[in-house]
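As C-alpha coordinates, the structure follows; a few thoughts come after it.
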Amino acid sequence: MEGSAKVLCKDTIGDNVKNAEYAVRGAIVQLAGEISEKLKKGQKYPFKKLLYCNIGNPLSLGQPTLSFDRDVVSVALNPKLMESGEISKDAKERAKKILDAVQYPYAVGAYTVSQGLLPVRESVKKYIEERDGYPSNVNNIFLTDGASDGVRTIFNTLLRGPQDAVMIPIPQYPLYSALISLLNGTPVPYYLDESKGWGLDMKDLEENYNKAKADGKTVRAIVVINPGNPTGQVMTADNLKDIVTFCHKNKMMILADEVYQMNIYTDKPFISFKKMIHDMGKPYSEIELVSFHSTSKGIIGECGLRGGYMELENIDEYAFSQILKLRSICLCSNAVGQITVLIWENA
(Lines give C-alpha, C1' and ligand atoms only; values in the text may rest on other atoms or scores of the structure.)
Protein backbone atom coordinates (compact mmCIF):
# COMPACT_ATOMS: atom_id res chain seq x y z
CA MET A 1 0.00 0.00 0.00
CA GLU A 2 1.42 3.34 -1.06
CA GLY A 3 1.47 6.29 1.34
CA SER A 4 0.00 5.63 4.77
CA ALA A 5 -0.17 2.00 5.85
CA LYS A 6 -3.55 2.71 7.44
CA VAL A 7 -6.97 2.68 5.77
CA LEU A 8 -8.07 5.45 8.12
CA CYS A 9 -5.72 8.41 8.41
CA LYS A 10 -5.81 12.20 8.11
CA ASP A 11 -5.99 12.08 4.32
CA THR A 12 -8.78 9.49 4.14
CA ILE A 13 -11.18 10.50 6.93
CA GLY A 14 -14.19 12.40 5.63
CA ASP A 15 -14.02 16.19 5.72
CA ASN A 16 -17.32 16.41 7.63
CA VAL A 17 -15.77 14.50 10.51
CA LYS A 18 -12.62 16.63 10.51
CA ASN A 19 -14.66 19.84 10.40
CA ALA A 20 -16.85 18.87 13.35
CA GLU A 21 -15.72 20.37 16.66
CA TYR A 22 -16.93 19.49 20.14
CA ALA A 23 -15.20 21.77 22.60
CA VAL A 24 -16.62 20.24 25.79
CA ARG A 25 -14.47 17.18 25.13
CA GLY A 26 -11.72 18.90 23.16
CA ALA A 27 -8.08 19.87 23.63
CA ILE A 28 -8.56 21.76 26.91
CA VAL A 29 -10.24 18.76 28.54
CA GLN A 30 -7.53 16.43 27.24
CA LEU A 31 -4.88 18.71 28.75
CA ALA A 32 -6.79 18.74 32.04
CA GLY A 33 -6.72 14.94 32.03
CA GLU A 34 -2.97 14.95 31.57
CA ILE A 35 -2.54 17.43 34.44
CA SER A 36 -4.79 15.31 36.68
CA GLU A 37 -2.60 12.28 36.07
CA LYS A 38 0.52 14.30 36.88
CA LEU A 39 -1.06 15.53 40.11
CA LYS A 40 -1.70 11.92 41.14
CA LYS A 41 1.99 11.18 40.58
CA GLY A 42 3.05 14.06 42.82
CA GLN A 43 3.89 16.74 40.30
CA LYS A 44 3.39 20.18 41.81
CA TYR A 45 0.96 22.77 40.46
CA PRO A 46 -0.45 25.92 42.13
CA PHE A 47 -3.59 23.87 42.87
CA LYS A 48 -4.30 20.45 44.36
CA LYS A 49 -7.05 19.20 42.07
CA LEU A 50 -9.13 20.03 39.00
CA LEU A 51 -12.89 20.36 38.86
CA TYR A 52 -14.34 19.44 35.46
CA CYS A 53 -16.99 22.06 34.71
CA ASN A 54 -16.76 21.71 30.94
CA ILE A 55 -19.96 19.68 30.87
CA GLY A 56 -22.97 19.25 33.15
CA ASN A 57 -21.99 16.06 34.97
CA PRO A 58 -23.30 16.34 38.56
CA LEU A 59 -22.20 12.96 39.93
CA SER A 60 -18.59 13.56 38.90
CA LEU A 61 -18.62 16.71 41.03
CA GLY A 62 -19.81 14.89 44.13
CA GLN A 63 -23.60 15.00 43.91
CA PRO A 64 -24.72 11.86 45.76
CA THR A 65 -26.87 9.30 43.99
CA LEU A 66 -30.42 8.70 45.18
CA SER A 67 -30.74 5.26 46.74
CA PHE A 68 -34.32 4.82 45.53
CA ASP A 69 -33.27 5.23 41.89
CA ARG A 70 -30.41 2.79 42.20
CA ASP A 71 -32.61 0.27 44.04
CA VAL A 72 -35.22 0.32 41.26
CA VAL A 73 -32.60 -0.18 38.58
CA SER A 74 -30.96 -2.96 40.61
CA VAL A 75 -34.20 -4.90 41.08
CA ALA A 76 -35.18 -4.47 37.44
CA LEU A 77 -31.82 -5.91 36.38
CA ASN A 78 -31.78 -8.62 39.06
CA PRO A 79 -35.36 -9.59 40.05
CA LYS A 80 -34.05 -11.88 42.83
CA LEU A 81 -33.63 -8.68 44.83
CA MET A 82 -37.43 -8.59 45.17
CA GLU A 83 -36.82 -10.89 48.13
CA SER A 84 -34.24 -8.61 49.70
CA GLY A 85 -35.12 -6.88 52.94
CA GLU A 86 -32.74 -4.06 52.07
CA ILE A 87 -34.90 -2.81 49.17
CA SER A 88 -37.87 -0.58 50.04
CA LYS A 89 -41.43 -1.56 49.20
CA ASP A 90 -41.79 1.51 46.97
CA ALA A 91 -38.69 0.63 44.97
CA LYS A 92 -39.94 -2.96 44.51
CA GLU A 93 -43.32 -1.71 43.28
CA ARG A 94 -41.70 0.62 40.77
CA ALA A 95 -39.39 -2.16 39.57
CA LYS A 96 -42.37 -4.51 39.19
CA LYS A 97 -43.93 -2.06 36.76
CA ILE A 98 -40.82 -2.39 34.61
CA LEU A 99 -40.65 -6.17 34.93
CA ASP A 100 -44.30 -6.47 33.95
CA ALA A 101 -43.58 -4.38 30.85
CA VAL A 102 -40.83 -6.74 29.69
CA GLN A 103 -43.01 -9.76 30.53
CA TYR A 104 -40.95 -11.15 33.42
CA PRO A 105 -39.29 -13.72 33.73
CA TYR A 106 -37.66 -12.14 30.65
CA ALA A 107 -34.89 -9.87 31.86
CA VAL A 108 -34.50 -6.15 31.44
CA GLY A 109 -31.61 -5.90 29.03
CA ALA A 110 -33.36 -7.43 26.03
CA TYR A 111 -34.14 -5.15 23.11
CA THR A 112 -37.31 -3.13 23.59
CA VAL A 113 -39.59 -1.76 20.88
CA SER A 114 -37.82 0.98 18.94
CA GLN A 115 -39.74 3.86 20.56
CA GLY A 116 -39.11 2.45 24.03
CA LEU A 117 -41.08 0.62 26.72
CA LEU A 118 -44.74 1.61 26.72
CA PRO A 119 -45.06 2.16 30.52
CA VAL A 120 -42.11 4.57 30.35
CA ARG A 121 -43.66 6.51 27.49
CA GLU A 122 -46.96 6.57 29.37
CA SER A 123 -45.10 8.06 32.32
CA VAL A 124 -43.55 10.72 30.07
CA LYS A 125 -46.99 11.47 28.61
CA LYS A 126 -48.42 12.00 32.10
CA TYR A 127 -45.53 14.27 33.06
CA ILE A 128 -45.97 16.44 29.94
CA GLU A 129 -49.72 16.72 30.42
CA GLU A 130 -49.37 17.74 34.06
CA ARG A 131 -46.67 20.28 33.16
CA ASP A 132 -48.45 21.91 30.21
CA GLY A 133 -52.15 21.24 30.63
CA TYR A 134 -52.47 19.90 27.07
CA PRO A 135 -52.81 16.30 25.80
CA SER A 136 -49.79 14.25 24.80
CA ASN A 137 -49.68 10.99 22.84
CA VAL A 138 -47.45 8.02 23.69
CA ASN A 139 -47.09 7.32 19.96
CA ASN A 140 -45.35 10.68 19.50
CA ILE A 141 -42.79 10.00 22.26
CA PHE A 142 -39.43 8.36 21.56
CA LEU A 143 -37.11 7.25 24.35
CA THR A 144 -33.51 8.11 23.51
CA ASP A 145 -29.96 7.71 24.85
CA GLY A 146 -29.97 11.15 26.43
CA ALA A 147 -31.22 14.21 24.56
CA SER A 148 -28.22 14.20 22.17
CA ASP A 149 -29.37 10.95 20.58
CA GLY A 150 -32.74 12.46 19.73
CA VAL A 151 -31.16 15.61 18.31
CA ARG A 152 -28.94 13.46 16.09
CA THR A 153 -31.99 11.57 14.77
CA ILE A 154 -33.84 14.76 13.88
CA PHE A 155 -30.82 16.39 12.25
CA ASN A 156 -30.34 13.26 10.14
CA THR A 157 -33.85 13.69 8.74
CA LEU A 158 -33.63 17.48 8.45
CA LEU A 159 -30.30 18.15 6.74
CA ARG A 160 -29.94 17.15 3.09
CA GLY A 161 -26.72 19.03 2.33
CA PRO A 162 -24.93 22.40 2.71
CA GLN A 163 -27.91 24.26 1.25
CA ASP A 164 -29.92 23.35 4.36
CA ALA A 165 -29.37 25.52 7.44
CA VAL A 166 -30.34 25.45 11.11
CA MET A 167 -30.32 28.53 13.33
CA ILE A 168 -28.45 27.99 16.61
CA PRO A 169 -27.97 30.31 19.60
CA ILE A 170 -24.59 31.75 20.54
CA PRO A 171 -23.46 30.88 23.21
CA GLN A 172 -24.66 27.31 22.61
CA TYR A 173 -24.10 23.73 23.67
CA PRO A 174 -21.51 22.60 21.06
CA LEU A 175 -23.51 19.48 20.15
CA TYR A 176 -25.49 21.51 17.64
CA SER A 177 -22.66 23.04 15.64
CA ALA A 178 -20.79 19.71 15.71
CA LEU A 179 -23.73 17.69 14.37
CA ILE A 180 -24.56 20.26 11.70
CA SER A 181 -20.95 20.08 10.44
CA LEU A 182 -20.93 16.30 10.63
CA LEU A 183 -24.09 16.09 8.52
CA ASN A 184 -22.82 18.66 5.99
CA GLY A 185 -25.42 21.28 6.86
CA THR A 186 -24.93 24.98 7.53
CA PRO A 187 -25.21 26.60 10.98
CA VAL A 188 -26.75 30.06 11.13
CA PRO A 189 -25.92 31.75 14.45
CA TYR A 190 -28.17 34.12 16.33
CA TYR A 191 -26.61 35.97 19.23
CA LEU A 192 -28.02 36.23 22.75
CA ASP A 193 -27.66 39.63 24.40
CA GLU A 194 -25.47 39.40 27.52
CA SER A 195 -26.44 42.94 28.57
CA LYS A 196 -30.05 41.74 28.82
CA GLY A 197 -29.31 38.61 30.84
CA TRP A 198 -28.59 36.58 27.70
CA GLY A 199 -32.02 37.48 26.34
CA LEU A 200 -33.23 37.05 22.80
CA ASP A 201 -32.47 39.81 20.28
CA MET A 202 -35.12 39.45 17.56
CA LYS A 203 -33.47 42.07 15.34
CA ASP A 204 -30.23 40.06 15.30
CA LEU A 205 -32.12 36.82 14.70
CA GLU A 206 -34.00 38.27 11.73
CA GLU A 207 -30.86 39.82 10.26
CA ASN A 208 -28.97 36.53 10.38
CA TYR A 209 -31.95 34.68 8.91
CA ASN A 210 -32.20 37.15 6.03
CA LYS A 211 -28.46 36.94 5.38
CA ALA A 212 -28.63 33.14 5.17
CA LYS A 213 -31.56 33.37 2.75
CA ALA A 214 -29.65 35.89 0.64
CA ASP A 215 -26.76 33.41 0.53
CA GLY A 216 -29.11 30.83 -0.97
CA LYS A 217 -29.62 28.74 2.16
CA THR A 218 -32.88 27.04 3.10
CA VAL A 219 -33.29 27.74 6.81
CA ARG A 220 -35.32 24.75 7.95
CA ALA A 221 -35.30 24.96 11.73
CA ILE A 222 -34.24 26.89 14.80
CA VAL A 223 -32.66 25.40 17.91
CA VAL A 224 -33.79 27.07 21.13
CA ILE A 225 -32.09 26.09 24.39
CA ASN A 226 -34.41 26.98 27.26
CA PRO A 227 -33.31 27.22 30.03
CA GLY A 228 -30.04 28.31 28.47
CA ASN A 229 -26.95 26.14 28.24
CA PRO A 230 -24.38 27.39 29.13
CA THR A 231 -25.97 30.74 30.02
CA GLY A 232 -28.68 29.55 32.44
CA GLN A 233 -31.28 32.16 31.50
CA VAL A 234 -35.00 31.33 31.32
CA MET A 235 -36.82 32.73 28.32
CA THR A 236 -39.75 35.06 28.88
CA ALA A 237 -43.20 34.32 27.51
CA ASP A 238 -42.76 37.23 25.09
CA ASN A 239 -39.51 35.70 23.76
CA LEU A 240 -41.25 32.39 23.21
CA LYS A 241 -44.12 34.09 21.38
CA ASP A 242 -41.67 36.00 19.19
CA ILE A 243 -39.93 32.78 18.15
CA VAL A 244 -43.19 30.95 17.48
CA THR A 245 -44.46 33.87 15.36
CA PHE A 246 -41.12 34.07 13.51
CA CYS A 247 -41.12 30.32 12.76
CA HIS A 248 -44.72 30.36 11.56
CA LYS A 249 -43.99 33.29 9.26
CA ASN A 250 -40.89 31.64 7.80
CA LYS A 251 -42.14 28.04 7.81
CA MET A 252 -39.50 26.72 10.17
CA MET A 253 -39.46 23.83 12.63
CA ILE A 254 -38.72 24.50 16.32
CA LEU A 255 -36.20 22.22 18.04
CA ALA A 256 -36.61 22.85 21.76
CA ASP A 257 -33.74 21.76 24.02
CA GLU A 258 -35.48 21.85 27.41
CA VAL A 259 -33.04 19.66 29.32
CA TYR A 260 -32.56 22.16 32.16
CA GLN A 261 -36.26 22.77 32.81
CA MET A 262 -35.98 21.44 36.38
CA ASN A 263 -32.84 23.47 37.13
CA ILE A 264 -34.08 27.05 37.45
CA TYR A 265 -31.94 29.68 39.16
CA THR A 266 -34.15 32.71 38.53
CA ASP A 267 -37.61 33.87 39.53
CA LYS A 268 -38.86 33.52 35.94
CA PRO A 269 -40.95 30.37 35.43
CA PHE A 270 -40.07 27.82 32.76
CA ILE A 271 -42.64 27.62 29.94
CA SER A 272 -42.32 24.84 27.40
CA PHE A 273 -42.67 25.51 23.69
CA LYS A 274 -45.43 22.91 23.57
CA LYS A 275 -47.46 24.89 26.07
CA MET A 276 -46.76 28.16 24.25
CA ILE A 277 -47.86 27.02 20.78
CA HIS A 278 -51.10 25.64 22.22
CA ASP A 279 -51.68 28.72 24.36
CA MET A 280 -51.37 30.83 21.20
CA GLY A 281 -53.89 28.65 19.33
CA LYS A 282 -54.19 28.17 15.58
CA PRO A 283 -52.32 28.57 13.31
CA TYR A 284 -49.38 28.56 15.76
CA SER A 285 -50.47 25.33 17.44
CA GLU A 286 -49.84 23.58 14.11
CA ILE A 287 -46.12 24.43 13.99
CA GLU A 288 -43.75 21.48 13.70
CA LEU A 289 -42.06 21.06 17.07
CA VAL A 290 -39.64 18.55 18.56
CA SER A 291 -38.89 18.85 22.28
CA PHE A 292 -35.95 17.14 24.02
CA HIS A 293 -35.40 16.22 27.66
CA SER A 294 -32.85 14.11 29.54
CA THR A 295 -32.19 12.33 32.84
CA SER A 296 -28.73 13.88 32.83
CA LYS A 297 -30.04 16.93 34.68
CA GLY A 298 -33.10 17.60 36.85
CA ILE A 299 -33.19 16.02 40.30
CA ILE A 300 -31.12 12.91 39.70
CA GLY A 301 -28.33 14.03 37.33
CA GLU A 302 -27.71 10.49 36.03
CA CYS A 303 -25.70 11.48 32.96
CA GLY A 304 -23.98 8.15 32.41
CA LEU A 305 -27.16 6.07 32.41
CA ARG A 306 -28.11 7.87 29.17
CA GLY A 307 -31.87 8.26 29.53
CA GLY A 308 -33.96 10.79 27.64
CA TYR A 309 -36.87 11.38 25.34
CA MET A 310 -38.14 13.50 22.50
CA GLU A 311 -41.76 14.41 21.80
CA LEU A 312 -42.88 15.15 18.24
CA GLU A 313 -45.71 17.60 17.51
CA ASN A 314 -47.40 18.18 14.13
CA ILE A 315 -44.91 16.03 12.20
CA ASP A 316 -45.89 14.90 8.70
CA GLU A 317 -46.91 11.23 8.56
CA TYR A 318 -44.24 10.25 6.06
CA ALA A 319 -41.55 12.18 7.94
CA PHE A 320 -42.63 10.44 11.13
CA SER A 321 -42.23 7.05 9.43
CA GLN A 322 -38.67 7.96 8.42
CA ILE A 323 -37.81 9.05 11.97
CA LEU A 324 -39.19 5.75 13.24
CA LYS A 325 -37.10 3.95 10.61
CA LEU A 326 -33.95 5.66 11.85
CA ARG A 327 -34.76 4.71 15.42
CA SER A 328 -35.42 1.14 14.28
CA ILE A 329 -32.00 0.94 12.63
CA CYS A 330 -30.54 1.59 16.09
CA LEU A 331 -32.99 -1.07 17.44
CA CYS A 332 -33.77 0.83 20.66
CA SER A 333 -32.32 3.12 23.29
CA ASN A 334 -30.57 1.36 26.17
CA ALA A 335 -32.91 -0.35 28.62
CA VAL A 336 -31.27 1.01 31.78
CA GLY A 337 -31.70 4.54 30.48
CA GLN A 338 -35.36 3.83 29.80
CA ILE A 339 -35.83 2.62 33.37
CA THR A 340 -34.17 5.79 34.63
CA VAL A 341 -36.69 7.91 32.70
CA LEU A 342 -39.55 6.07 34.42
CA ILE A 343 -38.03 6.70 37.86
CA TRP A 344 -37.24 10.32 37.12
CA GLU A 345 -40.59 11.28 35.61
CA ASN A 346 -42.29 9.93 38.72
CA ALA A 347 -39.82 11.51 41.16
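Which residues, taken from segment 260-278, are in contact (Cβ under 8 Å) with a residue 24 or more places away in the chain and more than 15 Å from L289 (Cα to Cα)?
Correct list: Y260, Q261, M262, N263, I264, Y265, T266, K268, P269, F270.
Looking at G146, G133, G109, which one is surrounded by 15 or more Cβ atoms within 10 Å (Cβ to Cβ), in contact (Cβ under 8 Å) with a residue 12 or more places away in the chain and in contact with a helix residue (DSSP H, G or I) (Cβ under 9 Å, 6 or more places away or on another chain)?
Working: G133 fails: surrounded by 15 or more Cβ atoms within 10 Å (Cβ to Cβ); G109 fails: surrounded by 15 or more Cβ atoms within 10 Å (Cβ to Cβ).
Only one candidate passes the filter, namely G146.
Every residue, every condition in (1) of a type in the set (G, A, S); (2) more than 21 Å from A221 (Cβ to Cβ), yes or no:
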residue: N139; (1), (2): no, yes
residue: L143; (1), (2): no, yes
residue: R152; (1), (2): no, no
residue: G161; (1), (2): yes, no
residue: P174; (1), (2): no, no
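With L312, L240 as the choices, which residue is under 29 Å from K213 (Cα atoms), of a type outside the set (S, T, N, Q) and surrounded by 23 or more Cβ atoms within 10 Å (Cβ to Cβ)? Let's see the steps before the verdict.
Numbers: L312 fails: surrounded by 23 or more Cβ atoms within 10 Å (Cβ to Cβ).
Result of the check over L312, L240: L240.
Please indicate, with yes or no, whether at least one residue in segment 240-263 is among the small types (G, A, S) and either closer than 26 Å to V120 by Cα or assigned to a strand (DSSP E or B) (or both).
Residues of segment 240-263 that are among the small types (G, A, S), as a first pass: 256.
Restricting the remaining residues to those that are either closer than 26 Å to V120 by Cα or assigned to a strand (DSSP E or B) (or both) gives 256.
Looking through segment 240-263, at least one residue is among the small types (G, A, S) and either closer than 26 Å to V120 by Cα or assigned to a strand (DSSP E or B) (or both).
Which count do you get for residues in segment 265-324 that are farther than 19 Å from I254 by Cβ, hydrophobic (A, V, I, L, M, F, W, C) and more than 14 Å from the chain's Cα centre (by Cα)?
Summing the residues that are farther than 19 Å from I254 by Cβ, hydrophobic (A, V, I, L, M, F, W, C) and more than 14 Å from the chain's Cα centre (by Cα) in segment 265-324 gives 3.
For K80, which of the numbered conditions (1) part of a loop (DSSP other than H, G, I, E, B); (2) surrounded by fewer than 18 Cβ atoms within 10 Å (Cβ to Cβ) fails to hold?
(1) is the only condition that K80 fails.
Of the conditions (1) part of a loop (DSSP other than H, G, I, E, B); (2) among the charged types (D, E, K, R); (3) more than 24 Å from E313 (Cβ to Cβ), K211 clears all except one; give me its number.
Checking K211 against (1) part of a loop (DSSP other than H, G, I, E, B); (2) among the charged types (D, E, K, R); (3) more than 24 Å from E313 (Cβ to Cβ), the one that fails is (1).
Looking at (1) modelled with pLDDT of 95 or more; (2) outside any helix (DSSP H, G or I), which is the one condition that is false for K274?
(2)
Mind listing just one residue for me: the one in segment 92-106 that is buried (at least 17 other Cβ atoms within 10 Å of the Cβ) and over 24 Å from D149 (Cα atoms) and, of those, modelled with the highest pLDDT? Before you say what the answer is, go through the steps one by one.
Pass one, segment 92-106, residues buried (at least 17 other Cβ atoms within 10 Å of the Cβ): 92, 94-95, 97-99, 101-102.
With the extra rule that they be over 24 Å from D149 (Cα atoms), the set shrinks to 92, 94-95, 97, 99.
Details: K92: 88, R94: 82, A95: 85, K97: 80, L99: 83.
Filtering first and then ranking leaves K92.
Taking A319 as meeting all but one of (1) open to solvent by 10 Å² or more (accessible area, probe 1.4 Å); (2) part of a strand (DSSP E or B), write down the number of the exception.
Answer for A319: the failing condition is (2).
Would you say G298 is crowded, with 18+ Cβ neighbours inside 10 Å and closer than 24 Å to L240 by Cβ?
On the way: crowded, with 18+ Cβ neighbours inside 10 Å: yes; closer than 24 Å to L240 by Cβ: yes.
When the stated conditions are applied, G298 passes them.
For G146, all conditions in the list (1) within 22 Å of E302 (Cα to Cα); (2) at pLDDT 90 or above hold save one; what is the number of the exception?
With (1) within 22 Å of E302 (Cα to Cα); (2) at pLDDT 90 or above applied to G146, the lone miss is (2).
With respect to P230, determine if the residue is assigned to a strand (DSSP E or B) and over 23 Å from Y284 (Cβ atoms).
Numbers: assigned to a strand (DSSP E or B): no; over 23 Å from Y284 (Cβ atoms): yes.
The answer is no for P230.
From the list T231, T186, pick out the single residue that is closer than 23 Å to I299 by Cα, out of contact with any Ser or Thr (no Cβ under 8 Å at 6 or more places or on another chain), open to solvent by 10 Å² or more (accessible area, probe 1.4 Å) and among the polar types (S, T, N, Q). Break it down stepwise before answering.
Working: T186 fails: closer than 23 Å to I299 by Cα.
From the options T231, T186, the qualifying one is T231.
So that you can scan it fast, the table gives a plain yes or no per residue for (1) on the phi > 0 side of the Ramachandran plot; (2) of a type in the set (A, V, I, L, M, F, W, C); (3) modelled with pLDDT under 85:
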{"residue": "S60", "(1), (2), (3)": "no, no, yes"}
{"residue": "V73", "(1), (2), (3)": "no, yes, no"}
{"residue": "E83", "(1), (2), (3)": "no, no, yes"}
{"residue": "D90", "(1), (2), (3)": "no, no, no"}
{"residue": "S136", "(1), (2), (3)": "no, no, no"}
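Limited to segment 112-130, what total is found for residues that are surrounded by fewer than 19 Cβ atoms within 10 Å (Cβ to Cβ) and among the hydroxyl-bearing types (S, T, Y)? Please lay out each step first, then the result.
At the first step, the residues of segment 112-130 found to be surrounded by fewer than 19 Cβ atoms within 10 Å (Cβ to Cβ) are 113-114, 118-119, 122, 126-127, 129-130.
So of that shortlist, the ones also among the hydroxyl-bearing types (S, T, Y) come out as 114, 127.
Of the residues in that region, 2 qualify.
Just to check your reading of the model, which residue among S195, S181 is crowded, with 16+ Cβ neighbours inside 10 Å and modelled with pLDDT under 90?
Numbers: S195 fails: crowded, with 16+ Cβ neighbours inside 10 Å.
After applying the criteria, what remains is S181.
The values are calculated or read from the model by the stated rules, or taken from the named source; none is laboratory data. Please read these numbers as outputs of a predicted model, since none were measured by experiment. Methodologically, a virtual Cβ is constructed for each residue, glycine included, from the backbone with ideal geometry; neighbour enumeration extends over all protein chains shown. All accessible areas refer to the heavy atoms of the entire protein, side chains included, with ligands and DNA or RNA removed. Shrake-Rupley method; radii C 1.70, N 1.55, O 1.52, S 1.80 Å.
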